[in-house]
4 protein chains.
Amino acid sequence: MAGNTLGNIFRVTTWGESHGDSIGCVIDGCPAGLRLSPRQIRDELTRDIPYPVLTRRVETNNFQILSGVFEGYTIGTPISIIIRNSNVESDKYKKIIHTPRPGHADLTYRMKYGHVDWRGGSRASGRTWISTVAAGAVAKNICKLKSVAVTSRLLELGGYKVNPDNLESVIESLAEESKETNDTTGGIIEVKIKNPPVGLGAPMFNRFQADLGHAILNIPGVKSFEIGSGKYSSRLKASLFNDPIDFKEGKIKTLRNRAGGVLGGITYGNPVIFRFAVKPTPSILIPQKSVNLRTMKSAMMSTEGRFDANYTPRAQVVSEAVSAIITADHLILSGYVSHDSIIPRKERLLFGMQTRDL
Amino acid sequence: MAGNTLGNIFRVTTWGESHGDSIGCVIDGCPAGLRLSPRQIRDELTRDIPYPVLTRRVETNNFQILSGVFEGYTIGTPISIIIRNSNVESDKYKKIIHTPRPGHADLTYRMKYGHVDWRGGSRASGRTWISTVAAGAVAKNICKLKSVAVTSRLLELGGYKVNPDNLESVIESLAEESKETNDTTGGIIEVKIKNPPVGLGAPMFNRFQADLGHAILNIPGVKSFEIGSGKYSSRLKASLFNDPIDFKEGKIKTLRNRAGGVLGGITYGNPVIFRFAVKPTPSILIPQKSVNLRTMKSAMMSTEGRFDANYTPRAQVVSEAVSAIITADHLILSGYVSHDSIIPRKERLLFGMQTRDL
Amino acid sequence: MAGNTLGNIFRVTTWGESHGDSIGCVIDGCPAGLRLSPRQIRDELTRDIPYPVLTRRVETNNFQILSGVFEGYTIGTPISIIIRNSNVESDKYKKIIHTPRPGHADLTYRMKYGHVDWRGGSRASGRTWISTVAAGAVAKNICKLKSVAVTSRLLELGGYKVNPDNLESVIESLAEESKETNDTTGGIIEVKIKNPPVGLGAPMFNRFQADLGHAILNIPGVKSFEIGSGKYSSRLKASLFNDPIDFKEGKIKTLRNRAGGVLGGITYGNPVIFRFAVKPTPSILIPQKSVNLRTMKSAMMSTEGRFDANYTPRAQVVSEAVSAIITADHLILSGYVSHDSIIPRKERLLFGMQTRDL
Amino acid sequence: MAGNTLGNIFRVTTWGESHGDSIGCVIDGCPAGLRLSPRQIRDELTRDIPYPVLTRRVETNNFQILSGVFEGYTIGTPISIIIRNSNVESDKYKKIIHTPRPGHADLTYRMKYGHVDWRGGSRASGRTWISTVAAGAVAKNICKLKSVAVTSRLLELGGYKVNPDNLESVIESLAEESKETNDTTGGIIEVKIKNPPVGLGAPMFNRFQADLGHAILNIPGVKSFEIGSGKYSSRLKASLFNDPIDFKEGKIKTLRNRAGGVLGGITYGNPVIFRFAVKPTPSILIPQKSVNLRTMKSAMMSTEGRFDANYTPRAQVVSEAVSAIITADHLILSGYVSHDSIIPRKERLLFGMQTRDL
């Protein structure tokens, strides 16, 4: 059961269904004294749908910080964020209530839970990850305290390699094609964690890349995870694979980065780089073979709800968020960020009081 | 850090400050198919202030279930409940912002977090436990599935033994006295978990009474916890203390219950009975010695905010809630309640669909 | 299931049965660079049986540190400690295999697990806590880093108040009496955590006293837990109960300590003081009423195995150990102890290498 | 800190260094009544080094079950297993104590812990995973209760595709080549979990493939993880990717398995199939560029300790073990395996007693 919490010390618990009243998260374990403005969260939420042309449901994402922040700074208590659902059209889903959509969680939710919310994918919808994106904004603030930056870029869309020059045109043609063929496509994303301090991660079952991989593989539609040279590593000899150790700007680093920034599961200062693949959005208008759960006979079905021609750019936004959450968690676990590192003990009794006339 | 989650598998995470926008909880790990009506939650919330005469802040406790429930039944996803704060008066707290109230968390929050919400006790206020009471309503529903009932009663108030006959008059006189003396009182509560199935709890560090004790000792103002004969046990010889094993209604039980329903930390069918003591509400109008954190000099202070003449009856409501949460968690951990026990596997694919014409 | 781990970040997992090959623990989350000598562990293990006259099984407690320590210092990996069982006499237990001993876990283990090791109490024996005592030695070393000391004293034995003057004679008379009457007694213990830094504990469900109470209530035979004024608090008015805040040796403290060193679940520098009661050892030679599980008929039984005339002094040793473990866990959680606080980052690359000629 | 435990309810904690006294694990959360013979563990340990020609350190792996098993069956208490180290040669490592080996954890352990055991890779050695293999034997027994089988096969070694026909010759030539070139190679492995029951996994952060991916990515040298069609999924359109739903042997399944047996993170009966890549063993005799930590100058170094020409077949054995552990954990979490499913409640009081004359 459960499974709605990410992180060990910096813990994000999310809740909400696609067509429910709202969606949200509770962030526990955030140190006190961290600057947190609604604008930072809004900026991340705005990125939720980077290319509207690929998406048929566009939300305004009105949100509210309900707790944990006072006068612009965190106070060490849980940060609760709520985001209203507004743009929902549930009726179309009624028609397919008995025929699970191939490639969707319809079948497995029914098998596992029995009683399900049949509207809009419920908890399995990509929509529900908007609360994780909000939590990612808080995590990024923690990363910034140590000058750690989480960035990402699209490597492939629909099988095409993309770069800043051709990205817009690839997206437009994929959107166009999707409308014509009623079919969808996937893609590949690269995430880079820049400037990680040494020592994030632990030897056996909390290797930094494993915690990142776990987070990434939980994003809907992700089918692979590769760190550094990834799969290709298996085809190199050690003399070519091992990154020679040397100095760079006065610090010990490896000049090459086939390892992807981790050795023995622990960071050493090199950027952590990984890639993952996203499958095509499962909802399509093309008729597909399924089963009618009422008659228990085979049945053809096609979806009518809104769907994304390509979900990859939205998965990219989510991937930054979960990477930031895992990094923030490890920064705290490893002692880099703490109540102390933000408000030194000796200043605590008077913090925030000195400039006020109360 | 953290610390806002109760339970292992059935997990309740709470959030919210006394004078913030709202207060709430997220319940993760509740099996699907559990009947859950808003009325059940409302009934528990209404109990929040059992004797208004003892309390100066009375809330209407408007709440909303935001997720996890569909058409009256849980769906296995997190249940998010929000309760609005309305009746807040923050101004009085401004005056004492520099002088922590004795017996309160004012001093320790300042020491631990530095930046604090100074209004109304913030996260330390008894008010914040209303979300736990809401979660307790869900837990009680789980307990009912196995005919387990969590009940409680007041044993003492302000040093007076109470029973159904004298309770009302004791409460009235304590309220009266509090107004006159500007002072407050505490009390003692007994909780009984009736009809527990055999086998709840585990040998070393998850003994059922230890998990219960942990939950109870987290309630604001609780200073003691006793299971069965409690402290008195230490003054008996084993021949008098050990509960003889025998049959009762065809089941193996002990006829006496000095153990309080646990042996080796595990239940065996006897009711689990424990008691705990609640200190007097710390807020009083009588001047007390404190320290001005700005001048770092001794200073007298008296509180002006609203407070409870006796917080014990509210702690009683909370104690039932946390006891139900711990019991529900152990019922699930021990395999008594599961997705299966509510909706059998073979019925899942069609659950909730049979009576509808879709 | 599970339940054999204590602590959140500093985690102690214990294993072993009373009459099995051996007993042990794995301590995970201990920072690197901590001095740890076998003598420190031996010293604690030697205390296991403080008054042999009260105990019929005396072990030599040969132990070995199997991992996690190199050249006298911890290396950040799990510390595995093993203690051999030697002095076992299992035959007597065969005779009572079908008749659970009143006051023992015999009945509940059978109900919960079905298949049990019937020898010597198995996992429920006080013997199995020797591994927790070993782990406590490591925890005490962590406490020492911040000058925190965990101490304890016996308050009552067999109903008699004890002090350094009468302790020996009370113990002798209780041992004598036990031999004559074949009966056993309990007692009351006080634990004091001296010099805790400010800020241990967290608001809702990880209040420092609740985590301590949880640990203590898991010790076999413990029936009550009281922090500060404990149960008596409920009979005081706030004006008498609240500890006035003042300065002591230049630090903000409360001069009185009715709260027992915690406010809002968080420490502020005052010593943390609590008491708990231990029931009489359940094993007695006096015939008691039980049930024969084979015939399902009532049956009288008396134990023949060895037992303690009074288990309280051994529970006292265990209570110091678990208190030290909880304190160490909170010291790490609160950022007081870390890899950094032991070996500063800038010295790590060369630590332990400077004085060696390699 | 920490990080040495795998699993949520079925929890495996491992300990031990490569050249320490011994290596071991504690398995907590295993239900009682499970048949467990030393032979089953021995069989798995024997597989540890499937192709000795690829490996220079061969251990006899003498092990002992120290607790948790009585008369051939588990008793619900922690299962402690110890494996002695015998074949250690530490001296060679002294020479490279100041120059971390490229591709190894030498550098990061030094950065993170400061004080390290410099012998034989310490906790980062592949050797330390032998205890996980032992725990995997217990997990496989749990899987068998539900007829779930975890199998695996080598897909590539040193860049060569392998199959049962050419496997032996590829291994021999890689071993030969390694001796000649003093270099090492990697490979690719496929794992299949056959016959999983429906409903393993949970929606958000405990998707079955994410928990598997996390476990696999923690194995030393693993650089990628792919479920189902993996990376290739991103290049297919949904109409080709989505697995049509149909019946197979009377059960609802998908006939194709591009999803790899999970939908929405939850199993539905199809086999769960994933692949991962292993980098070449980092230890090589060829001189490599590194840094002398004492002089803080660049330095060439070559390893002299024993190493594996190709570690992939050993990673394969470990991958089966962790996959079995994750599957066992989910079988218990999902209610398929419990105390009840092994020894029904009504039989518990007499289990194991009926056939004995005591």
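Does B:LYS112 count as more than 27 Å from B:LEU145 (Cα to Cα), without any contact (Cβ under 8 Å) to a residue 12 or more places away in the chain and among the basic types (Lys, Arg)? Answer is yes for this residue. Of all the numbered requirements in (1) within 21 Å of D:VAL318 (Cα to Cα); (2) surrounded by fewer than 24 Cβ atoms within 10 Å (Cβ to Cβ), D:ASP91 misses one, and that requirement is (1).
Matching residues to (1) facing another protein chain (nearest Cβ under 7 Å); (2) modelled with pLDDT under 95; (3) buried (at least 19 other Cβ atoms within 10 Å of the Cβ):
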site	(1), (2), (3)
D:ALA2	yes, yes, yes
D:GLU17	yes, no, yes
D:CYS25	no, no, yes
D:ILE49	no, yes, yes
D:PRO52	no, yes, no
D:PRO78	yes, no, yes
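Of all the numbered requirements in (1) farther than 30 Å from A:GLU347 by Cβ; (2) in contact with a helix residue (DSSP H, G or I) (Cβ under 7 Å, 6 or more places away or on another chain); (3) not small (Gly, Ala, Ser), B:GLU249 misses one, and that requirement is (2). Can you find, within segment B:80-98, the residue that is nearest to the other protein chains (Cβ to nearest Cβ) among those that are within 20 Å of A:THR5 (Cβ to Cβ) and of a type in the set (A, V, I, L, M, F, W, C)? The residue in question is B:ILE82.
Inside segment C:75-110, residues that are more than 19 Å from B:PRO203 (Cβ to Cβ) and of a type in the set (Lys, Arg) make up a count of 4. Just to be sure before I move on: is A:ALA124 crowded, with 24+ Cβ neighbours inside 10 Å, more than 9 Å from chain D (Cβ to nearest Cβ) and touching a helix residue (DSSP H, G or I) at 6+ places or on another chain (Cβ under 8 Å) in the structure I sent? Judged against the criteria, A:ALA124 is not a match. The criterion of being away from chain D (no Cβ under 14 Å), under 17 Å from C:ARG56 (Cα atoms), acidic (Asp, Glu) and surrounded by fewer than 24 Cβ atoms within 10 Å (Cβ to Cβ) does not hold for C:GLU156. Per the conditions (1) under 30 Å from C:LEU333 (Cα atoms); (2) away from chain D (no Cβ under 14 Å); (3) in a loop (DSSP other than H, G, I, E, B), the sole criterion not satisfied by A:LEU66 is (3).
When residues in segment D:205-222 are screened for being part of a loop (DSSP other than H, G, I, E, B), in contact (Cβ under 8 Å) with a residue 24 or more places away in the chain and within 7 Å of chain A (Cβ to nearest Cβ), 2 of them pass. Of D:VAL170, D:VAL150, D:VAL191, all but one fail to be part of a helix (DSSP H, G or I) and either of a type in the set (Val, Ile, Thr) or touching a Ser or Thr at 6+ places or on another chain (Cβ under 9 Å) (or both); the exception is D:VAL170. Can C:ASN195 be described as modelled with pLDDT of 95 or more and in contact with a strand residue (DSSP E or B) (Cβ under 8 Å, 6 or more places away or on another chain)? Yes; evaluated as a whole, the condition is true for this residue. Screening segment C:231-242 for residues that are buried (at least 23 other Cβ atoms within 10 Å of the Cβ) and without any contact (Cβ under 8 Å) to a residue 24 or more places away in the chain and picking the one that is farthest from B:GLY158 (Cα to Cα) gives C:ASN242.
Can you find even one residue in segment B:129-144 that is under 22 Å from B:ASN61 (Cα atoms), touching a residue at least 40 places away in the same chain (Cβ under 8 Å) and within 9 Å of chain C (Cβ to nearest Cβ)? For segment B:129-144, residues under 22 Å from B:ASN61 (Cα atoms), touching a residue at least 40 places away in the same chain (Cβ under 8 Å) and within 9 Å of chain C (Cβ to nearest Cβ): present. Against the numbered list (1) assigned to a loop (DSSP other than H, G, I, E, B); (2) closer than 24 Å to A:ILE23 by Cβ; (3) of a type outside the set (Val, Ile, Thr), A:ALA135 comes up short only at (1).
The residues in segment D:99-116 that are within 12 Å of chain A (Cβ to nearest Cβ) and either in a loop (DSSP other than H, G, I, E, B) or of a type in the set (D, E, K, R) (or both) can be counted, and the count is 12. Just one of the listed residues (D:GLY199, D:GLY187) is facing chain A (nearest Cβ under 7 Å), farther than 26 Å from A:ILE266 by Cβ and not β-branched (Val, Ile, Thr), namely D:GLY199.
C:ARG56 meets all of the listed conditions (1) more than 30 Å from D:SER90 (Cβ to Cβ); (2) away from chain B (no Cβ under 14 Å); (3) crowded, with 18+ Cβ neighbours inside 10 Å but one, namely (3).
Only one of the numbered conditions (1) closer than 23 Å to C:ASP329 by Cα; (2) open to solvent by less than 10 Å² (accessible area, probe 1.4 Å) is violated by C:HIS115, and that is (1). If I ask for residues that are in contact with a Phe, Trp or Tyr (Cβ under 6 Å, 6 or more places away or on another chain) and open to solvent by less than 30 Å² (accessible area, probe 1.4 Å), which ones from segment A:190-216 would you list? Scanning segment A:190-216 gives A:VAL191, A:PRO197, A:LEU200, A:GLY201, A:GLY213, A:ILE216.
Listed by position, the strands (runs of 3 or more DSSP E) contained in segment C:247-347 that have at least 1 residues being crowded, with 17+ Cβ neighbours inside 10 Å, facing chain B (nearest Cβ under 8 Å) and polar (S, T, N, Q) are C:251-254, C:288-292. In the set (1) open to solvent by 10 Å² or more (accessible area, probe 1.4 Å); (2) over 22 Å from D:THR312 (Cα atoms); (3) free of Cβ contacts under 8 Å to residues at least 60 places away in the same chain, D:VAL170 fails one condition alone, (2).
Here C:SER229, C:SER234 are screened, and the one residue that is over 29 Å from B:TYR113 (Cα atoms) and at the interface with another protein chain (Cβ under 8 Å from one of its Cβ atoms) is C:SER234.
Within segment B:35-46, does at least one residue satisfy the condition of being open to solvent by 50 Å² or more (accessible area, probe 1.4 Å), acidic (Asp, Glu) and more than 9 Å from every other protein chain (Cβ to nearest Cβ)? Yes, because at least one residue in segment B:35-46 is open to solvent by 50 Å² or more (accessible area, probe 1.4 Å), acidic (Asp, Glu) and more than 9 Å from every other protein chain (Cβ to nearest Cβ). Assessment of segment A:291-311 against the conditions (among the aliphatic types (A, V, I, L, M) and touching a His at 6+ places or on another chain (Cβ under 6 Å)) yields at least one matching residue.
Only residues that are more than 23 Å from the chain's Cα centre (by Cα) and among the aliphatic types (A, V, I, L, M): list them for segment A:70-85, please. Scanning segment A:70-85 gives a single hit, A:ILE75. Give me the residue from segment B:162-213 that is farther than 30 Å from C:LYS237 by Cβ and polar (S, T, N, Q) and, out of that set, nearest to the chain's Cα centre (by Cα). Among residues in segment B:162-213 that are farther than 30 Å from C:LYS237 by Cβ and polar (S, T, N, Q), the one nearest to the chain's Cα centre (by Cα) is B:GLN209.
The values are calculated or read from the model by the stated rules, or taken from the named source; none is laboratory data. Please read all numbers here as calculations on a predicted model, not as lab measurements. Positions of Cβ are generated from backbone atoms using ideal geometry, with glycine treated the same way; all protein chains shown enter the neighbour counts. We work out accessible area using only protein heavy atoms, side chains counted, and drop any ligands, DNA or RNA first. Shrake-Rupley method; radii C 1.70, N 1.55, O 1.52, S 1.80 Å.
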